[in-house]
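The numbers here are math on the coordinates, done by the rules we state, and not lab data. Quick caveat: nothing in here was measured; it's all calculated off a predicted structure. Positions of Cβ are generated from backbone atoms using ideal geometry, with glycine treated the same way; all protein chains shown enter the neighbour counts.
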Amino acid sequence: MKVRFEHISSFLFQLSFVLIIWIMLGSVFLLGGARSLEKEREEREKREAYLADSLVTLLFAGDIMGHSPQYQVAYNRETGEYDYSDCFLYVEPYVQEADFACGNLEVTLGGPPYAGYPCFSSPDALLYEVKNIGFDLLFTANNHVLDRGKPGVERTIMMLDSVGMPHAGSYVDSLSRDTSYPIIMDVKGLKVGFINATYGTNGIREKAPNVVNRLDTVQMARDLERLAEMGADLKVAVLHWGNEYELWGNKRQRQYAQSLVNHGADLIIGGHPHVVQNADTLFTSAGKPVVLYYSMGNFISNQQRLETKGGIMVKATVNRFTGRVVATEYIPYFVFIGTIHGKYQYYVIPSVPYLNGEYDFSLPRYDSLMLLNVYNSISGRLSNFDQCKE
């Protein structure tokens, strides 16, 4: 059968035209799809950036102690100076990573002669290193704040001020307290207000005109109301309370905490027992949850009981636009006294990275077992936030 050439040409022309249209449409669809994917990626990145920008992280550390063996080990005979830098090598990244870090200074900076328990006075180098690793605020309302009497209180405050370290809890006089307390810190635009108080001072009374904040529900309620008047977006209560070495928060602590929640506290962090206690969730009358950590334990010390050798840092993540605590987590660690890389010192070692083999050293078997035992004990108490033992 003969097929005329013009018919073939016409057919090919039509086919080419269809193919061109199909390719053009495909290109449009592909381009549209690529643009859609690009737009989706840009929107996702914007959402992630907004989320990251909206969050603020606060880090809380426990009792910073200074027993005699600690400053003796920190002393460098060659230079005649004290050096605590190795103590915090492994926790420094956590402090640096947080937007704001604070801890309880449970020693005086009363000057020499230095002393440990029962009347603490540590070298100023301890303060220098705490500031150097990134702490932004120190609390001083604790049972050892008056260990060196009026001179110790005033020199500690003077030293904190001299290095530009904000602080709360003890004051030279009432005027100083009235003008600087309660304290509000600006953290990425979030106004975080803090109150700080202690159950007592080991039977030592402050000498006039010095002032130490006490666990007084009426006064603490006023302080929280004052924070609200000052425009605090988040109100945090940091308390020195409870019974030493008890592993569970008690009814009295819970009563104090609920009173603070009723008067506007958004987060409650505790210390003093020298061991990690459980955590809890309390509620306002409107049903808003407020997290309570009864005790974080020691941050660093020479205490030798098994549970005193472990502690936690508490990390709170806050939405800076709403002032709401959106998450909390705890970071467990172990205080190792021994040699790492040829240097004998007190080391604060985060437990999880060590157990995961992330460090370039191994502790002696006995210490590794202690670290594991304390870690398991802490994890057991903090696995459930609804327990409070009498």
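Here are the numbers for the structure shown:
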{"read-out": "Separation in nanometres of the label points that stand 7 Å from Cα toward Cβ, at GLU92 and GLU40", "value": "4.4"}
{"read-out": "Angle in degrees between helix 5-54 and the longest Cα principal axis of the chain, rounded to the nearest 10", "value": "10"}
{"read-out": "Among beta bridges that DSSP assigns inside segment 57-382, antiparallel share in %, nearest 5", "value": "55"}
{"read-out": "Sites matching chymotrypsin sites (Phe, Trp or Tyr not before Pro) across segment 97-126 that sit in DSSP coil, with at most 12 neighbouring C-beta atoms within 10 Å", "value": "none"}
{"read-out": "More than 21 angstrom apart: percent of Cα pairs within segment 122-259", "value": "45"}
{"read-out": "Relative counts (whole %) of C-alpha pair distances in segment 305-359, using bins that are 5 Å wide", "value": "5, 16, 17, 20, 14, 10, 9, 6, 3, 1"}
{"read-out": "Note, ³J(HN,Hα) from phi for segment 240-252, Karplus 6.51, -1.76, 1.60, rounded to Hz, x at Gly and Pro", "value": "10, 7, x, 10, 4, 6, 7, 8, 10, x, 10, 4, 5"}
{"read-out": "Net charge contributed by nearby residues that have their C-beta within less than 11 Å of TYR245 (K/R +1, D/E -1)", "value": "-2"}
{"read-out": "Centroid-to-centroid separation of segment 51-105 and segment 349-378 [C-alpha atoms, Å]", "value": "19"}
{"read-out": "q = 0.09, 0.10, 0.15 Å⁻¹: log10 I(q)/I(0) that the Debye formula gives for the chain, counting C-alpha atoms only", "value": "-0.55, -0.66, -1.38"}
{"read-out": "For segment 257-273, 3J(HN,Hα) per residue [Karplus equation, 6.51 cos²θ - 1.76 cosθ + 1.60, θ = phi - 60°, Hz, x = Gly/Pro]", "value": "4, 5, 4, 5, 4, 5, 9, x, 5, 9, 7, 10, 10, x, x, 3, x"}
{"read-out": "Cβ-defined net charge surrounding LYS288, 13 Å radius [Lys, Arg +1; Asp, Glu -1]", "value": "+1"}
{"read-out": "Separation of the LEU369 and TYR75 label points, Cα + 7 Å toward Cβ, nm", "value": "3.4"}
{"read-out": "Contact order normalised by residue count of the chain, Cα under 8 Å, 6+ apart, percent", "value": "16"}
{"read-out": "Per-selection Rg to Rh, segment 68-152 - Cα, Kirkwood hydrodynamic radius", "value": "0.98"}
{"read-out": "Taking the convex hull of Cα positions in segment 183-299, its mean projected area over all directions (nm²)", "value": "8.3"}
{"read-out": "Net charge of neighbours whose Cβ lies under 15 Å from the Cβ of ASP147, counting Lys and Arg as +1 and Asp and Glu as -1", "value": "+1"}
{"read-out": "Calculated FRET efficiency for the pair SER383/GLU358, C-beta based, R₀ 30 Å, to 0.05", "value": "0.85"}
